[in-house]
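The values are calculated or read from the model by the stated rules, or taken from the named source; none is laboratory data. Remember, predicted model here, so these are calculated numbers, not experimental data. Virtual Cβ from ideal backbone geometry, glycine too; neighbours counted across all protein chains shown.
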Amino acid sequence: MLPLGRVSGRQADPPDGGRRRDGDRGRLRGLTGRAPPPRGRIRLARPDEAVRLVEIETAAGRLFADHGYPALAAAASAAPEQYRSAALAGRVLVATDSADRPVGFALTELIGRVQWLCELSVHPDHARRGVGASLVEAVADAARLGGASHVGLSTFRAVPFNAPFYARCGFAELPLERASPPLARRFQAEVPAGIDPDRRVLMLRPL
């Protein structure tokens, strides 16, 4: 379990339209702290919290309507079973409030030596409190201890709480032509239907 650090809600969080993956690759191990909202903490998600994770993703996703992506804001979230499976595999970290109720989460998968951030969401009611940044740091800490070389993600280039937020967290753009085939394929798979891929960006943070 990790003490939570300072962050911001989905505004400063999500790899947005990232697609989720099930399976047991990329288990997050050896968590080492950071501190977020008062009396909150970061810990591994429990399978029985899957419905709450869907609620968080749905609420956070609605913010895209204000940034030119109404269809994405209205898109269905992952099914609870997907989050349940990921939690059982140790692939989901949650940031909790003082009552230990999740207010944000990070879902990851290991791609080679890159810990891929599939989804990062914070409930808007808990935005601008450092939750998203704390989750990013917790993922980086766990990935480093697990032997990963980078944390990676794909996100929207111009949405304020996407690429600009991740740049402040230490991520930098990796041109698609320089990406490894597995990362290039993941980038393409995460481009939402009907969205110009040029609006998206692949980013890496070295560990």
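Could you tell me whether segment 62-78 includes any residue that is more than 15 Å from CYS169 (Cβ to Cβ), crowded, with 18+ Cβ neighbours inside 10 Å and modelled with pLDDT of 95 or more? Among the residues of segment 62-78, not one is more than 15 Å from CYS169 (Cβ to Cβ), crowded, with 18+ Cβ neighbours inside 10 Å and modelled with pLDDT of 95 or more, which makes the answer no. Looking at ALA138, ALA158, ALA106, ALA193, just one residue is in a loop (DSSP other than H, G, I, E, B) and within 28 Å of VAL51 (Cα to Cα), and that residue is ALA193. Counting residues in segment 176-196 that are within 12 Å of the chain's Cα centre (by Cα) and β-branched (Val, Ile, Thr) gives zero. For ALA167, the conditions (1) in a strand (DSSP E or B); (2) without any contact (Cβ under 8 Å) to a residue 60 or more places away in the chain; (3) among the aliphatic types (A, V, I, L, M) are fulfilled apart from (1).
Pick from segment 160-178 the residues that are farther than 20 Å from GLN115 by Cβ and surrounded by fewer than 22 Cβ atoms within 10 Å (Cβ to Cβ): which of them is modelled with the lowest pLDDT? Here the residue is PRO160. Annotation: of all residues in segment 141-158 being buried (at least 22 other Cβ atoms within 10 Å of the Cβ) and of a type in the set (A, V, I, L, M), the one that is nearest to the chain's Cα centre (by Cα) is LEU153. Here ALA87 fits the description: in a helix (DSSP H, G or I) and at pLDDT 95 or above. Just wondering, is there one or more residues in segment 135-145 that are more than 22 Å from THR58 (Cβ to Cβ), touching a His at 6+ places or on another chain (Cβ under 8 Å), among the basic types (Lys, Arg) and touching a residue at least 60 places away in the same chain (Cβ under 8 Å)? Within segment 135-145, not a single residue is more than 22 Å from THR58 (Cβ to Cβ), touching a His at 6+ places or on another chain (Cβ under 8 Å), among the basic types (Lys, Arg) and touching a residue at least 60 places away in the same chain (Cβ under 8 Å).
One line per residue, one yes/no per condition, for (1) without any contact (Cβ under 8 Å) to a residue 60 or more places away in the chain; (2) among the acidic types (Asp, Glu); (3) under 26 Å from VAL159 (Cβ atoms):
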| site | (1), (2), (3) |
| --- | --- |
| ALA60 | no, no, yes |
| ALA79 | yes, no, yes |
| ARG84 | yes, no, no |
| SER98 | no, no, no |
| ARG101 | yes, no, no |
| TRP116 | no, no, yes |
| SER121 | no, no, yes |
| PRO124 | no, no, yes |
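Can you tell me which residues in segment 179-207 are aliphatic (A, V, I, L, M), at pLDDT 95 or above and more than 11 Å from PHE156 (Cα to Cα)? Passing the criteria: ALA179, LEU183, ALA184, ALA189, LEU204, LEU207.
Looking only at segment 35-53, residues that are surrounded by fewer than 19 Cβ atoms within 10 Å (Cβ to Cβ) and either among the hydrophobic types (A, V, I, L, M, F, W, C) or at positive phi (or both) come to 4 in all.
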